[in-house]
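Working notes, structure below.
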Ligand code: CUA
């Protein structure tokens, strides 16, 4: 996979930037406290040795060490209040309302892949995709998060903090990405044996490029035109594939596994498990458990020619 590493230290939108600013504030204050406490400890140790007497251990309240204790308690309380205020201010800043024209994308967690739906008031404009989240840059996007099985958590470290995907409940979060590019997201809540292989590629396009992508994604792919891809489609429809997968424009309309309508254009296979290539796809179809043990896709032993045709057909779906 070519996406840059996930990091919270390189924010590409206002939410991650706010979280990083809070992190820096906490770090600076904590470092200052650590230095002060260490200096006070060293001072006390050396002073005690130098003085060697008990004369100042019993000074009256309001003098000597008592004054220092009162001052330190007051300072500690003040620091905690400053940290609390910074935390509350960041929480408020992250809690964006969404305007009426905010784009809404549904993200549904499955063991172990992501179902993505670009919602539109006109049903024919709905787009269904998997394991890749495309967004336009420079505008807030509302994500409606849900789960079909257990609790997952969406974490795009360069973009925002984590939000859980909970069965029977819709959580929302608003993200904005200002820098075009490819970012990696990861499920951040242990959700079973393949939790680690539940990644999501997030692709931020400049607005006009995004509109072109969305318009293309709304088109139903044309029927296969070459003999090999035509044969591949027959193999797909006759095998057990349509019981779990969707390919727009065909009889395959199930949502047990990821939609394959644009599988040929996807960067990765198996929810970020490996790069997408004909060889990887063939290996995945034949032995998904060898690559992602525990995955819900069954192994498919096919004659070589059928497998090649199926891979050619799926690769043509862009
Ligand atoms: Cu889904 Cu961890």
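Using the average count of surrounding beta-carbon atoms within 10 Å as a protection proxy, the listed peptides 294-307, 122-135 rank, highest first, as 122-135, 294-307.
Using R0 = 51 Å, the C-beta based FRET efficiency linking residue 68 and residue 211 works out to 0.20. The relative contact order of the chain comes to 17 percent, based on Cα pairs under 8 Å that sit 6 or more residues apart.
Across segment 246-318, C-alpha contacts under 8 Å between residues 6 or more apart give a mean separation that, scaled by the residue count, equals a relative contact order of 33 percent.
Put in line by how crowded their Cβ is, counting other Cβ atoms within 10 Å and starting with the fewest, 34, 210 read 34, 210. Once C-alpha pairs closer than 8 Å and six or more residues apart are averaged by separation and normalised to the residue number of segment 147-273, the relative contact order reads 18 percent.
Rounded to the nearest angstrom and listed largest first, the equivalent-ellipsoid semi-axes of the chain from its Cα gyration tensor are 55, 22, 15.
The calculated P(r) of segment 69-199, using every Cα pair and 10 Å bins from 0, goes 11, 36, 29, 13, 8, 3, 0 in percent. Of the peptides 231-241, 151-161, the order by per-residue mean of other Cβ atoms within 10 Å, starting with the highest, comes out as 151-161, 231-241. Computed from Cα positions, the angle between helix 64-94 and the longest principal axis of the chain comes to roughly 20 degrees. Packing here is the average count of other Cβ atoms within 10 Å per residue, and on that basis the peptides 166-174, 190-198, highest first, run 190-198, 166-174.
No lab work stands behind these numbers, since they all come straight from the coordinates. In this text, all values refer to a predicted model and were calculated from it rather than measured experimentally. Note that we place each Cβ from the backbone using ideal geometry, even for glycine, and neighbour counts take in every protein chain shown.
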